[in-house]
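*Asks:* I have a structure here, written as structure tokens, and I will follow up with some questions on it.
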Amino acid sequence: MTNQEQLINDLPKQYDHQAAQARQTAFWEEKGFFNSDVNKDKKPFTVVIPPPNVTGALHMGHALNDTLQDALVRMKRMQGYEALWVPGVDHAGIATQAVVERRLFELEGKTRWDLGREALVQRIWDWKDQYQRRIVGQIKALGCSCDWRRERFTLDDVCAKAVRHFFYKLFAEGLIYRGKRLVNWDVTLQTAVSDDEVFHETVAGNFWYLNYPVVDPQEGEPEFVTVATTRPETMLGDVAVAVHPDPAAEFDRVEKELRAKLADCPEREKDEVQAELDDLLQRRVDSLPRLIKLAEMAKAGRKVVLPLQNREIPLVADVWAKPEKGTGCVKITPAHDPNDYEVGKRQDLPAINLLNRDGTYNENAGKYQGLNLKKVRQAVLADLEELGVLVKVEDRVIEIATSDRSKTAIEPYLNDQWFVKMADLAQTAMDAVENGEVKIEPKRYAKGYLDWLSEKRDWPIGRQLWWGHRIPIWYTDATEAELEAAFAGRADVMWSPDESTGGWLVCSQTEDLAEDAVPGRKLIREEDVLDTWFSSALWPHSTLGWPEKTAELDYYYPTSVLITSRDIISLWVARMVLAGYFNTGKKPFETVFIHPKILDKYGEGMSKSKGNGVDPIAVMEKFGADALRFALAFLTTDSQDVRLSLDFECPHCGATVEQTKKNRTLPRIDCPKCKKAFSTQWAETEEDKALPLGPVVGERFEVARNFCNKLWNASRFVMINLEGFEPKAIDPSELLVEDRWILSRLASVAKRVTESLERYKYSDAARALYDFAWDEFCSFYVEISKSRLFDPARRNLAQNVLLTVLDSLLRLLHPIAPFVTEEVWRRLADFAPVRGAVPTQATESVSIAPWPTVDEAAIDPEIEARFAQFQEALRCVREARARQNVPPKTEVKFAVKCDADVAALLDPMKDYFRSMAGAVATGFGPDVEPPVLSSNAAAPGMEIYVDVAELIDVATEIAKKEKEIEKLEGFIKSKEAKLSGGFAEKAPAHVVEKERASLEELKTQRDVNVATLERLRAVAASK
RNA sequence: GGGCGAUUAGCUCAGUUGGUUAGAGCGUCUGGUUUACACCCAGAAGGCCGCAGGUUCGAAUCCUACAUCGCCCACCA
């Protein structure tokens, strides 16, 4: 066997993604193509990965995110940029700690308090190590071209240093403060969570009416004030009852508003609004006098008695109490309700905190101390009822706040909290987008970004967790003089007064302070850690070495583009922009590209809590990484989310097992067909893991896998036929129509792909490549080339063009499908190391091959139009054959009546009609006489007659003609109407001209068909 | 309640600044062992472009209202 034969023998008929991925991954790693270093001769192109949370494994959303980044980075690398993609993972404070704690409790029945800080943190590190490994493995399996030498973790030393410097800088500029704030308290995790981590659920609840006795009621005054509440237990912390200061005016205002609404609301809502209005008017009659009285009493400083606590609390006049709601009076519990907290501040009321960190009630709850919320509520209600204070209970739908992390109820809780002042920082981030320095694509996402920032709400940065960057603050009761003495000459330690204790807050920029750093005084470190986003906000510059003035920071920063998903625009993107400017004086990135979300078959977003996240590995195993990538890129448009309908495939019998909401979270599934069990991505026990994994299948992946295979086989065809090829420059004068056509198409596609990828139009790029490779290169050029390859005189040029096109196609496709293109590229080098229209040595890897330059001169619309005519003629012949059921091996004769130009084009294609349609041409030109009996078709500029002689089924032909004529008549009619109307006068001349020409063409076609029909009818009649 | 997006063939989606007869893949149907590929080839059927108005010579495309679905933000003692 010759070397050549051996190479051909080594080409399997199906693309083997497993082998290719293993081989190319190892090759890339060994060669270090994706390692990037400062190189002043090149322009940098930098991307930092949105670091995935180490909470769990990656799902399809990450696969999409990574694919889009890699496609861009690979193209830029090929375009000659010094391309750097920095990988890494995020410690994801709350989420990760929650997951580890939940597991700890499920498996061992222990809480974090049983373990203690150090042991728990150690457990989380173990978890992190495990998932970081898995995540990195997933990213590598996807083929991502990251520089792994530069991998970062938001909790590693480099990032920690950046965090400390950022905090210190904020502290130094007076932007960090500590205050009492009502926070969202997660009683399970025992930490405050941000508003963004809370979701609201609607549940059935109750509305309890309570009577608080008025102290010393006067003549004509009510003896009770009735308040309504959905949370009766909080009454223990009431400090006032509020009533609107001017209920009559408020009623008027609301009434006016409702009437206005009634006037212009849609018909079907009128009843509802009317009912609301009626209710309001009735309420006014019923309660206004009483509310006015109460407002007066409030202004007079009168009090009521808080039952159970037997505390006198004031009636206050405050606009928060809406006369149209509830009883018109509202109890005020500043420590446990955000709105009441505001009222408390306005009215100068104390805040009585009832809650312990673990969700039980504290000493302020009196005899209810130590009980949890549920029990307090029961007890309070029972006692109130006994006292006769509880006067009414209604059913009511209420909304409760739930923690996104622990899925348990959120309690508003008064707590010390660290904040960053946002006023100026937010402004810089708004300016950057408003003046175009940072671009957001698609542009519509800029609005949400700006709206969120414009609220300039201070950023709560403390988390009552153990997993994270510990806040670098120490409390001390030392005097300022003592601090000055202890830290004399230290530029890295600062302090400011601690308003809540009268002592000092000490902040250290780099190292932790010892307990005895101030002689004779004790330094106590803040327990809290920083919000995860505090460290990820620094990601673009911290990963490049900030605060050190590294060469990397100087060269690679600002980064080029940030590719992420829309749900973290405010949480993450906005904070990166403000932190970037604050720390480095520069924006963190030129552009933010927001990609679609991955939805499941029900149209719901994928999330861990729903369990509908799919491990990309389960898809890649079956279809290959390229198929996954190509499918995702193909689906990435700028307006539509990516809907993926996925199912399981039974590994035993191959049956498709529908993925349902029920079975998609199971670790093992029994195949309904063969009854055998298989495992899923959720398998954890040894027993489940021992079962074969059921791959996840979906139509989109199948299509993409087929495409990869098509490319493989087209490449295989080219390689098999390369024997004897002698590379030499292509002489344009020797090119045939089909050569010029495919080279023109290639140039157009190169242009389109480049532009599309540069504008993040991934779907466009993928589509262009798919159509070109399949419908043009494979279905036409490769087919046409077959007869040329048999002819020694014409062989070399065909080989050269095939090679040229394949070479460029591989390069264009490489960013989206890196493995198959690399596999082919390297094998191709064995067959033809020198190639291309201008012969050059192939690079050792397509990943570092130059990106195809767009050869504008090759783009030839004239030749494309002419070739289209050939394609149309071929299609007509094929259709005629199919319609008449001509056996595949039977050759038919055909002729085309057309003008000399078209004939000149078709004549050299004679061979191809034979090889591609089994048709022998008997003549092209204006003088062709229509045969009496034939299957014919009329296409623009051509009448095509396929002589099927004895085979013809006249009835079928007649039916076909009748249908066609009817259709043509319809078009002609509508066009004539159009041209006789205002169209001819008002539309631009070239459009009218086009329309006239098209009308003429249609008429010709109709006439041809009518003539044929008459002939056919005559034949039918004579039989 | 505020904002954003979607609605096109049985299904999943394209459709560039308004301009010939609205496209693709899957599925369906017909026919195929052509020396790259059955993960393939050739062909066919299938659409009142969500509904109603408007602008225009001309609307899937622009405007208004409505309907349905999804996402984000805010809020309801």
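*Asks:* Using only the Cα atoms of chain A, what are the Rg and Dmax in Å?
*Replies:* 37.9, 124
*Asks:* Which of A:HIS62, A:HIS990, A:VAL737 sits closest to the plus end of the dipole of chain A, meaning its Cα is farthest towards the positive end, when Lys and Arg get +1 and Asp and Glu get -1 on the C-beta?
*Replies:* Most positive-ward Cα: A:VAL737.
*Asks:* May I ask you to rank A:MET75, A:MET430 by accessible area, largest first, using a 1.4 Å probe over the protein chains only?
*Replies:* Result of the area sort, largest leading: A:MET430, A:MET75.
*Asks:* Give the accessible surface of region A:472-530 per residue, rounded to a whole number of Å², with probe radius 1.4 Å and ligands, DNA and RNA excluded.
*Replies:* Each residue of region A:472-530 exposes 52 Å² on average to a 1.4 Å probe.
*Asks:* Just in region A:200-235: which GluC sites (Glu not before Pro) are loop by DSSP and have at most 15 other Cβ atoms within 10 Å?
*Replies:* When the GluC sites (Glu not before Pro) of region A:200-235 are filtered for loop state and at most 15 Cβ neighbours within 10 Å, A:GLU219, A:GLU223 remain.
*Asks:* About the Cα centre of chain A, what is the dipole size in debye to 20, counting +1 per Lys and Arg Cβ and -1 per Asp and Glu Cβ, all else neutral?
*Replies:* 1760 debye
*Asks:* Per DSSP H run of n ≥ 4, the term is -39500 (n - 2.57); total these for chain A, divide by its residue number, and report the mean residue ellipticity at 222 nm rounded to 500 deg cm²/dmol.
*Replies:* About -14500 deg cm²/dmol.
*Asks:* Quick one: dipole size for region A:803-917, taken about the Cα centre, charges +1 on Lys/Arg Cβ and -1 on Asp/Glu Cβ, in debye to the nearest 20.
*Replies:* Using only the charged Cβ atoms, the result is roughly 740 debye.
*Asks:* OK, next. Looking at A:ALA842, A:PRO888, A:PHE867, which one has the Cα that reaches farthest to the positive end of the dipole of region A:831-891 (charges on Cβ: Lys, Arg +1; Asp, Glu -1)?
*Replies:* Among A:ALA842, A:PRO888, A:PHE867, the one farthest towards the positive end of the dipole of region A:831-891 is A:PRO888.
*Asks:* Which shape class applies to region A:106-166: rounded if a/c is under 1.5, otherwise prolate when a/b exceeds b/c and oblate if not, where a ≥ b ≥ c are the square roots of the Cα gyration tensor eigenvalues?
*Replies:* Note, shape of region A:106-166 comes out oblate.
*Asks:* Let me ask something else about it. Dipole size in debye (nearest 20) for region A:577-632 around its Cα centre, Lys and Arg Cβ +1, Asp and Glu Cβ -1?
*Replies:* I would put it at about 180 debye.
*Asks:* Angle check, please: helix A:792-813 long axis (alpha carbons) against the longest principal axis of chain A (alpha carbons), in degrees 0 to 90, nearest 10.
*Replies:* The answer is roughly 10 degrees.
*Asks:* Counting only pairs 8 or more residues apart or on different chains, how many lysine pairs in region A:523-642 have their Cα atoms under 27 Å apart?
*Replies:* Lysine pairs meeting both conditions in region A:523-642 amount to 10.
*Asks:* Same structure again: From the square roots a ≥ b ≥ c of the eigenvalues of the alpha-carbon gyration tensor of region A:343-412, which class results: rounded (a/c under 1.5), prolate (a/b over b/c), or oblate?
*Replies:* rounded
*Asks:* Please list A:ARG346, A:ARG1015 from largest to smallest accessible area, probe radius 1.4 Å, with all protein chains kept in place.
*Replies:* Final ranking, largest accessible area leading: A:ARG346, A:ARG1015.
*Asks:* Against the longest alpha carbon principal axis of chain A, how many degrees, from 0 to 90 and to the nearest 10, is the axis of helix A:423-434 turned?
*Replies:* That helix lies at roughly 20 degrees to the long axis.
*Asks:* Straight-line reach only, C-alpha to C-alpha below 18 angstrom: list the lysines that A:LYS367 could link to, leaving out same-chain residues fewer than 8 apart.
*Replies:* Partners within reach: A:LYS375.
*Asks:* Further question on the same structure: What number comes out for the charge environment of A:CYS671, summing +1 per Lys or Arg and -1 per Asp or Glu over other residues with Cβ under 13 Å away?
*Replies:* Value of the local net charge: 0.
*Asks:* What do you get for trypsin sites (Lys or Arg not before Pro) in region A:16-46 restricted to DSSP loop and a cutoff of at most 11 other Cβ within 10 Å of the site's Cβ?
*Replies:* Answer in residue order: A:LYS40.
*Asks:* Kindly provide the GluC sites (Glu not before Pro) of region A:432-474 that DSSP labels as loop, not H, G, I, E or B, and whose Cβ sees at most 12 other Cβ atoms within 10 Å.
*Replies:* Sparse-neighbourhood loop GluC sites (Glu not before Pro): A:GLU455.
*Asks:* Straight distance only, please: which aspartates and glutamates reach the Cα of A:LYS40 with their own Cα at less than 12 Å, same-chain residues fewer than 8 apart left out?
*Replies:* Partners within reach: A:GLU82, A:GLU552, A:ASP554.
*Asks:* OK, next. If the reach is capped at under 17 angstrom between alpha carbons, list the aspartates and glutamates near A:LYS910, excluding any in the same chain fewer than eight residues apart.
*Replies:* A:GLU738, A:ASP739, A:GLU783, A:ASP791, A:GLU872, A:GLU891, A:ASP899, A:ASP901, A:GLU943, A:ASP947
*Asks:* Rounded if a/c is under 1.5, else prolate if a/b beats b/c, else oblate: with a ≥ b ≥ c from the C-alpha gyration tensor eigenvalues square-rooted, which is region A:356-497?
*Replies:* Note, shape of region A:356-497 comes out oblate.
*Asks:* Report the relative contact order of region A:414-547, percent, no decimals, based on alpha-carbon pairs under 8 angstrom and at least 6 residues apart.
*Replies:* Contact order relative to length: 27 percent.
*Asks:* On a 0 to 90° scale, report how tilted helix A:17-31 is relative to the longest principal axis of chain A, with both axes built from alpha carbons and the result rounded to the nearest 10.
*Replies:* Once rounded, one gets 70 degrees.
*Asks:* For chain A, give the share of DSSP beta bridges that are antiparallel, in percent and rounded to the nearest 5; count only bridges with both residues there.
*Replies:* Bridges in chain A are about 75 percent antiparallel.
The values are calculated or read from the model by the stated rules, or taken from the named source; none is laboratory data. For clarity, every value in this text was computed on a predicted model and none was experimentally measured. So basically every Cβ, Gly included, is an ideal-geometry build from the backbone, and we count neighbours across all protein chains shown. For accessibility, only protein heavy atoms count, side chains too; no ligands or nucleic acids. Shrake-Rupley method; radii C 1.70, N 1.55, O 1.52, S 1.80 Å.
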